[in-house]
There are 2 protein chains.
Amino acid sequence: MGERLLVIGGDAAGMSAASAARRRERDLEVLVLERGPYTSYSACGIPYYLGGLFDDSDRLIARTPEEFRSRGIDVAIRTEAVGLDLDARTVTVRDLAARTQRTEGFDRLVVATGAQAVAPPVPGADAVEPVRTVDAAERFAARLRHGDARCAVVVGASYLGLEMAEALVQRGLEVTLLDQAPQVMGTLDPDMAEHVRTAAEGVGIRVLLSAQVDEVLRHDDGSVRAVATSEGELRADEVVLSTGVRPAVGVAQEAGLEVGESGALAVDDRQRCRGADGVFAAGDCAESHHRLLDRQVNIQLGTHANKQGRIAGVNATGGDDAFPGVIGTAVSKICRYEVARTGLTEAEAAGAGIEVVAASISAKTRAGYYPGAGPISVKLVADPADGRLLGGQIVGVEGAAKRIDVLAVAVWTGMRVQDLELVDLSYAPPFSGVYDPLLIAARQTAKRIGG
Amino acid sequence: MGERLLVIGGDAAGMSAASAARRRERDLEVLVLERGPYTSYSACGIPYYLGGLFDDSDRLIARTPEEFRSRGIDVAIRTEAVGLDLDARTVTVRDLAARTQRTEGFDRLVVATGAQAVAPPVPGADAVEPVRTVDAAERFAARLRHGDARCAVVVGASYLGLEMAEALVQRGLEVTLLDQAPQVMGTLDPDMAEHVRTAAEGVGIRVLLSAQVDEVLRHDDGSVRAVATSEGELRADEVVLSTGVRPAVGVAQEAGLEVGESGALAVDDRQRCRGADGVFAAGDCAESHHRLLDRQVNIQLGTHANKQGRIAGVNATGGDDAFPGVIGTAVSKICRYEVARTGLTEAEAAGAGIEVVAASISAKTRAGYYPGAGPISVKLVADPADGRLLGGQIVGVEGAAKRIDVLAVAVWTGMRVQDLELVDLSYAPPFSGVYDPLLIAARQTAKRIGG
């Protein structure tokens, strides 16, 4: 029998780590502890499931515990790690079904405990179940199918709050979306976010900005009845709290693993936890290096979780892969709009004391005469000294958003907008005007550089 | 009165040059000579017009001669340049309507004469009208509307031949598409082209490969009746010859302007014709520098024509803009598939004596559970020494093709596949699986580098 790799958390990062380790070291024992009933599911897909785009929640599961077991990975579901002893190399484990506790030893450890929702600090909010897992989504969907909910309040107008609001509209509910900020999608600059607000209102979502939640009010039977807000009391048969998440680092931090300024576990680019030999962290609970800000951040996305998990698994088995960091790329579909960003926004740059120039353009996604052509807005942010592209934001109809990846590679490689303006991008009428909107935006930005 | 800029050719390159010059030098006289009745039209849109995606051919016209005139650009339509004297600084001009001839002087000249179709060297082919202009497309559309054509033969399975074949299928014709090569789309590697052939056959196009045209046969009234081929005689009420184009350089070459190996006018990166002061060329009639092959090529695309035209107009008015060259990016929509390429194919690399490694992957355009998810195939070509990305090809359903621009920027900047594999590209279920197909392809290619 070889050594044992213990993985805490059976979602994207944990299962990627387990799979990579399993492939690389055949006599390694790999045990994954997962608190919930499912492994390797797509939390990102939950709004689409709730909105009725598909009915079978199984489709959110990439691989079941049985599939992992058939590949030689032992998975204990409904099993929570409640204690960690780095010196003794043991984890205290609670079997949530049997309500028993035991100890599991490890030689190497991957912490992939993910993140947990943060409820707003108001009465009644704690009791609202977060919809972050497949089983929570199934319970919510069952209520929507069988209940008679008519009104919903979604608190928090992040991309997830917007996706949930749209899902509930698709289910026929009257939805109010509320945020304390003066704009939706705080990850976009206000001018770009305004397009998204308009789209949300266009599908019937009532958007209340600069608004405070005071209390979640309940019927005598405990079910939600309303949300008290600075804009008055809003009837709510369902409440969704989308007010942020924080890295789930409790057990790891208590054991002495270092937590960085972002609140996530401090790791190096090999996903190694600082000062703890053979201990790795990956995914939503871990920090990532932001290549533009040159500091550690915590960005919770499945794409980072998968990559970091794989790298942790490789490095836990003698490899030496590096995670190159992040630049804040994200994409979402909000009502009729696709919304995407990469690098720094103007606001983020200002917050970090980085001087930038920015330019915005509006164009069409396709040649004007081609069916389906629709609006696309592009905003670019660049270094005023040399024109280096520092970030981009895109809002537009179908075909708009994936263009963000072009900007992501340009930001990643340090391309200047003066060069981007003349890059050989593709053109055909079903896909763009003869100047792609990205080229037009680069040209407008370059003009502000004087380049 | 200032000096006079003469522009020969009133489509993308010529009108871009005229517009840029007009903006920059207010007392410059700008005269454009255009052989046809229209300026600044989208030849790329003709197949979609013929296929019935829109009915009004005016929509193919970006700007009319009147609009240009209102901006201070003089446009003479139905006016052909038939002679050029570089020493005398004059152009001999034929008014095609009045059938008269005159001489126009110039101080500076932009040659933007475009390209002309090359008919196969077989009897009867010369008399088939090319469908490269809006007026030719209008005549073709009128025949399709009012005639009783049932069968069509399209010769040449380039992207344009495929687009035309699809358009005619959409008009209800039985279409045979024939090419002498053993594959469709010679600009793709055979394995990727095979997906396209399958898609073409899927919409009912009969595809005959490795087939020769022997003669275009006619009724006594001169109308087409059949095409004699190595596969037998094919009934054809309409024939489309899509067997290539060549730069229209006749007048310029006779005047002594240098023609390069590609058959197009030799220009430097300022669009200056060699050895001819104040004379520029741009668009389909001009050469471009291929950044990977490091030689002059002639790639006829509206996107290059617009950029080169603008640069010619800037430099003809005292500016110093450079065209940075091309990398062979192209995109097309063929039946259910989007098809795109950038950089070098495996075949092109072999032809140029460049050693490469290649890898192909198949994935889905969206998360598997998200409606509309469909197949996407990606092939990457890289330098085996260091993993530098040299080219990419993509075939897939909606959402697939514009990803080529990500690869275009990666090729342009010399990114290695080992780096591309971990770039922060966007992910959300409506847009990709958690690993974008480009990341999967980069990873597979990197494995072959041993990186």
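The values are calculated or read from the model by the stated rules, or taken from the named source; none is laboratory data. Everything numeric in this text was worked out from a predicted model, so none of it was measured. Methodologically, a virtual Cβ is constructed for each residue, glycine included, from the backbone with ideal geometry; neighbour enumeration extends over all protein chains shown. Surface areas here come from the heavy atoms of the whole protein model, side chains and all, with no ligands, DNA or RNA. Shrake-Rupley method; radii C 1.70, N 1.55, O 1.52, S 1.80 Å.
Just so you know, in region A:301-319 the residues that are in contact with a strand residue (DSSP E or B) (Cβ under 8 Å, 6 or more places away or on another chain), closer than 18 Å to residue A:272 by Cα and open to solvent by 10 Å² or more (accessible area, probe 1.4 Å) include one that is nearest to the other protein chains (Cβ to nearest Cβ), and it is A:315.
Of the strands (runs of 3 or more DSSP E) lying entirely inside region B:111-216, the ones with 2 or more residues being of a type outside the set (Phe, Trp, Tyr) and within 21 Å of the chain's Cα centre (by Cα) are found at B:115-117, B:151-155, B:174-178.
For (1) in contact with a helix residue (DSSP H, G or I) (Cβ under 8 Å, 6 or more places away or on another chain); (2) of a type outside the set (D, E, K, R), each residue gets a yes or a no:
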{"position": "B:208", "(1), (2)": "no, yes"}
{"position": "B:229", "(1), (2)": "no, yes"}
{"position": "B:245", "(1), (2)": "yes, yes"}
{"position": "B:248", "(1), (2)": "yes, yes"}
{"position": "B:255", "(1), (2)": "no, yes"}
{"position": "B:269", "(1), (2)": "no, no"}
{"position": "B:272", "(1), (2)": "yes, no"}
{"position": "B:277", "(1), (2)": "no, no"}
{"position": "B:280", "(1), (2)": "yes, yes"}
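Can we say residue B:127 is in the same structural domain as residue B:213 (by TED's automatic domain parsing), touching a strand residue (DSSP E or B) at 6+ places or on another chain (Cβ under 8 Å) and in contact (Cβ under 8 Å) with a residue 24 or more places away in the chain?
Details: in the same structural domain as residue B:213 (by TED's automatic domain parsing): no; touching a strand residue (DSSP E or B) at 6+ places or on another chain (Cβ under 8 Å): yes; in contact (Cβ under 8 Å) with a residue 24 or more places away in the chain: yes.
Criteria not met by residue B:127.
Quick check: anything in region B:64-79 under 25 Å from the mean Cα position of the chain (by Cα), open to solvent by 20 Å² or more (accessible area, probe 1.4 Å) and closer than 30 Å to residue B:173 by Cβ? No; the residues of region B:64-79 include none that is under 25 Å from the mean Cα position of the chain (by Cα), open to solvent by 20 Å² or more (accessible area, probe 1.4 Å) and closer than 30 Å to residue B:173 by Cβ. Only a single item in (1) under 29 Å from residue A:9 (Cα atoms); (2) among the charged types (D, E, K, R); (3) open to solvent by 20 Å² or more (accessible area, probe 1.4 Å) is not met by residue A:148, and it is number (1). The single condition from (1) in the same structural domain as residue A:444 (by TED's automatic domain parsing); (2) modelled with pLDDT of 95 or more; (3) in a loop (DSSP other than H, G, I, E, B) that residue A:320 fails is (1). The listed residues are B:322, B:347, B:264, and the only one of them that is hydrophobic (A, V, I, L, M, F, W, C) and crowded, with 21+ Cβ neighbours inside 10 Å turns out to be B:264. For beta carbons closer than 9 Å, sequence separation of 6+ or different chains, a first residue in region A:253-272 that is on the phi > 0 side of the Ramachandran plot and a second that is open to solvent by 40 Å² or more (accessible area, probe 1.4 Å) and modelled with pLDDT under 95, the qualifying pairs are A:256/A:275.
Among residues of region B:174-189 that are under 20 Å from residue B:227 (Cα atoms) and of a type outside the set (Val, Ile, Thr), those with a Cβ under 6 angstrom from a residue that is open to solvent by 30 Å² or more (accessible area, probe 1.4 Å) and part of a loop (DSSP other than H, G, I, E, B), sequence gap 6+ or separate chain, pair up as B:179/B:209; B:180/B:212; B:182/B:209; B:182/B:210.
Annotation note: of A:175, A:153, A:169, A:134, the sole residue that is in contact with a Phe, Trp or Tyr (Cβ under 8 Å, 6 or more places away or on another chain) and either surrounded by 18 or more Cβ atoms within 10 Å (Cβ to Cβ) or under 17 Å from residue A:245 (Cβ atoms) (or both) is A:134. Filtering region B:398-443 to residues that are more than 7 Å from every other protein chain (Cβ to nearest Cβ), within 24 Å of residue B:368 (Cβ to Cβ) and more than 31 Å from the chain's Cα centre (by Cα) leaves B:433, B:443. Contact annotation: residue pairs with Cβ atoms under 6 Å, 6 or more positions apart or on different chains, pairing a residue in region B:202-227 that is within 25 Å of residue B:336 (Cβ to Cβ) with a partner that is in a strand (DSSP E or B), are B:205/B:175; B:205/B:177; B:206/B:176; B:207/B:177; B:208/B:178; B:211/B:178; B:211/B:229.
Going by what's in this entry, would residue B:246 be described as at pLDDT 95 or above, more than 20 Å from the chain's Cα centre (by Cα) and open to solvent by 30 Å² or more (accessible area, probe 1.4 Å)? No; evaluated as a whole, the condition is false for this residue. Against the conditions (1) closer than 29 Å to residue B:306 by Cβ; (2) surrounded by 19 or more Cβ atoms within 10 Å (Cβ to Cβ), residue B:369 satisfies every one except (1). With the condition kept exactly as written, say whether any residue in region B:80-93 is of a type in the set (Gly, Ala, Ser), open to solvent by 20 Å² or more (accessible area, probe 1.4 Å) and without any contact (Cβ under 8 Å) to a residue 40 or more places away in the chain. Yes; the residues of region B:80-93 include at least one that is of a type in the set (Gly, Ala, Ser), open to solvent by 20 Å² or more (accessible area, probe 1.4 Å) and without any contact (Cβ under 8 Å) to a residue 40 or more places away in the chain.
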